[in-house]
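Notes follow the structure.
Readers should treat all values here as calculations from the given coordinates under stated rules, not as data from a laboratory. It should be emphasised that the depicted structure is a prediction, and the values quoted were computed from it without experimental measurement. A quick note on method: Cβ atoms are made from the backbone with ideal geometry, for glycine too, and the neighbour counts reach across all protein chains shown.
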Amino acid sequence: MRLKSLMLALAATLFASGLAVPAAQAAIEVNVNRGDVQPLPIALPAFGGGQVGADIAGVISANLQRSGLFRPLDPASFVEKDLNAAVQPQFPAWKQINAQALVNGQVTVVNGQLVVDFRLWDVFAEQQLLGLQFTSSPENWRRVAHKISDQIYERLTGEKGYFDTRVVFVAESGGRGTKKKVLAIMDQDGANPSYLTDGSYIVMTPRFSSTSQEITYMALRPEGSSIYLFNLETGRRESLGDFKGMVFAPRFSPDGGRVAFSVERGGNSDIFVMDLKSHTTARLTADPSIDTSPSFSPDGTKIVFNSDRGGNPQLYVMGADGSSPRRISFGEGKYTTPVWSPTGEFIAFTKQVGGEFHIGVMRPDGSDERILTSSYLDEGPTWAPNGRVLMFSRESAGGVSKLWSVDVTGRIQQPVPYPGGGSDPAWSPLLN
Amino acid sequence: MTRRELSPAFLGSVLLHGSVAAALLISFHFTRDLKVGAVVPVTIVSSAPDADIRPAEQAPETQTAQTEEPVPAVPPDASPAPVPTPQPPAPAPAPSKPAPAPKPTPAPPKPTPTPTAAAKPQPPTKADKGLDLDALAASVSKLAKPAGARPSSAAKGAARAETAPVARTAPGTGLSALALNGMTEDLQRRWNPNCDVEGGRDVVVKVTFTLGGGGQVVGQVSTQLVGARNAVSTAAADRAVRAVYAAAPFRNLPRDFYGEQIKVNFNAREACAS
């Protein structure tokens, strides 16, 4: 009994003096409040399987680099050669060149189908982060590369990718006055451009549906304007119908079931919405001013639009039924082409002030306005499906319009690698 | 009379309708040919077969890190639902040093395979689940005062001051404070917070690990997130763990640091704001 008491007393003393085991485990604490913020160094050696393996790695590398969040390392610096996708890489060789992540893969053709295995490795933690296999037709290797890019991007940043997407736009050729405008579509990296109209009439404001491979656009002919729906998979094209006046600026609702657009009559433009099943049309604005560029919120309950009812073009938000319009932009200059982001966090817009045009973003209540770009003529922003990157057109003083992209921080701004001229881009949702 | 009255109009109408029908047919044919935008499907068949995960062959410290899972497993939804995969190809032998006990049969396919190396000796690890930070801070203070040489007590100031070099003249010996400062700087140089991703700049990750005798990371590296765990914060936790491994081994620390548990608070809010 006395021994037990003595033991208890000893234990109590040890605990009180901080020598007990739990206290010893507490040990040392360090706070790290600074970092080396830089694009993540990633190694992307050519996949095994010949030229297509090298091509796939090249497309992935270009995608990740363009995002601005990754820095693909020079393949000439690689120490370990001839990686085998079925064998764990030699991590010290990749640490040596400071690769934080490594992607390797193997391409094979099985029964006429392209089979691509790839793995994503955390070099310093020495663990596999991803291992996936894709199959497709051999000519479709670029899409496989885009899908792998999306997987890598999402795993290493936590954000959804946006590489397996397409952009519909107006391809432009010729100079001022003789410009030919053709409806076109391409991969988000400028590859695989296809032309959907022959240039015999002007095409404007193409917009993607967020639920299907369908676009809507405005066609302007000498006899008037029309709004069309065009299904990219079936080739079916239909007009929304005849309207008295000029119709323009169509945009799908998030569920793809409605299209909002503007109709101009006698110098007054108002916003209408059409139900695509019933083809019934409702008028949303009736103000003696120019109301245009409607864009739905991602939940479909609100519409942001541009109106000069206050004296000059500003941004307004109203209910999707046209109720309770209220102004959200109050800065200097003119605000046009508002587009609600797919995440709902921001509204992108074109702003004209100080003799320049800018692409900017603001919160849906008008707060936190940020100007992302400035040039002679930047306009017409469109959001990537992850809501982090915007594409827009930039026209030089010489009249040549090119497609550019910028991220929501404004830090990563670059031309889209499409060789020709272009304007009015509209980003697709992620492909299935 | 009826025939005479209708004849011109009827003929005109037929001609008109005929031309419209022809135009529609031509137009229909034209649009049907425009399948240029069609999407060719890509299928995610399954998770790729596991790579050959070799048993330990490097220095003991890195081996240990390899055998343990340094961060929580990737959520299953990080990869699309796989269909059972065919057996992976036979793995090639270990590419560098001959492994003492190579495992020729890869583990069954999983969306996020976890390296395993059962042959590796397990270093002693200290359970650190349910870390009570306040209790830890209090106990460290108690422990450090009598010893007079525990630099951990110096880490109890304001978070911002912790990384400021001038703040390191805290209690404890000058050597300990200096060493801890050096460790902090090593971690700062290796930590690449993802400030450009929405939500990435708000993450605070607490990484806990133990130092082996050579300053290497031994045993399990655990992470704790302040706030919700989601894809962005999971990626942020990976980056913090990566910084620890990249900065190791931590040499030139006072002897009593080794074998101790180290807790590093990676504060992206501060780092991305600076």
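A few comments on the model shown:
- Taking label points 7 Å from Cα along the Cα-to-Cβ direction, B:Arg189 and A:Asp321 give a separation of 6.4 nm.
- Applied to the stretch A:388-404, the Karplus parametrisation 6.51 cos²θ - 1.76 cosθ + 1.60 on θ = phi - 60° returns per-residue 3J(HN,Hα) values of 10, 10, 10, 10, 7, 10, 10, 9, 7, 4, x, x, 8, 9, 10, 8, 10 Hz, with x for Gly and Pro.
- Antiparallel beta bridges, as assigned by DSSP with both residues in chain A, represent about 95 percent of the total such bridges.
- Remark: mean inter-chain Cβ contacts per residue of A:35-43 equal 5, using a 10 Å Cβ-Cβ cutoff to other protein chain atoms.
- The distance from the alpha carbon centre of the stretch B:210-242 to that of the stretch A:168-233 is 49 Å, rounded to a whole number.
- Nonlocal amide H pairs with A:Arg71, under 5 Å, H built at 1.01 Å: A:Leu40, A:Ile42
- Estimated vicinal HN-Hα couplings, Hz - the stretch A:105-116 in sequence order (Karplus 6.51, -1.76, 1.60; Gly, Pro = x): x, 9, 10, 9, 10, 10, 6, x, 9, 7, 10, 10
- Each Cα pair under 8 Å and six or more residues apart adds its separation to the average, and for the stretch A:40-157 the resulting relative contact order is 26 percent.
- When DSSP beta bridges are restricted to pairs lying wholly in the stretch A:30-127, around 65% turn out antiparallel.
- Too-long pairs where the Cα-Cα distance tops 30 Å, listed order kept, from A:Lys160/A:Lys277; A:Lys244/A:Lys302; A:Lys277/A:Lys302: A:Lys160/A:Lys277
- Volume in Å³ per residue [convex hull over Cα atoms, computed for the stretch A:40-157]: 88 Å³
- Relative contact order [Cα under 8 Å, 6+ residues apart], chain A, whole percent: 9 percent
- Spin-label pair A:Ser289/A:Tyr201, simplified geometry with 7 Å Cα→Cβ offset, distance in nm: 3.2 nm
- Exposure proxy ranking, count of Cβ atoms within 10 Å, fewest first, for A:Tyr335, A:Tyr316: A:Tyr316, A:Tyr335
- The alpha carbon centroids of the stretch A:349-424 and the stretch A:104-127 are separated by 36 Å.
- Additional length obtainable on full extension of the chain from A:Ile371 to A:Gln65, 0.36 nm per residue less Cα span: 107.8 nm
- Sorting the Cα pairs of the stretch A:166-427 by distance into bins of 10 Å, from 0 upward, gives 7, 32, 40, 20, 1 percent per bin.
- Residue-averaged [θ]222 nm for chain A, counting only DSSP H segments that reach four residues, each worth -39500 (n - 2.57): -4500 deg cm²/dmol
- Applying 1/(1 + (r/R0)^6) with r as the Cβ-Cβ distance of A:Val353 and A:Val79 and R0 = 56 angstrom yields a FRET efficiency of 0.60.
- Which of A:Glu223, A:Glu332 has the fewest Cβ neighbours within 10 Å, and the rest in rising order: A:Glu223, A:Glu332
- Look at B:Val221, A:Val87, A:Val167, B:Val226 and count the other Cβ atoms within 10 Å of each Cβ; fewest to most, that gives B:Val226, A:Val87, B:Val221, A:Val167.
- At R0 = 22 Å, FRET efficiency that the Cβ-Cβ distance of A:Ser173 and A:Glu223 yields, to 0.05: 0.35
- Projected-area average for the stretch A:291-348 over all orientations - Cα convex hull basis, square nanometres: 3.6 nm²
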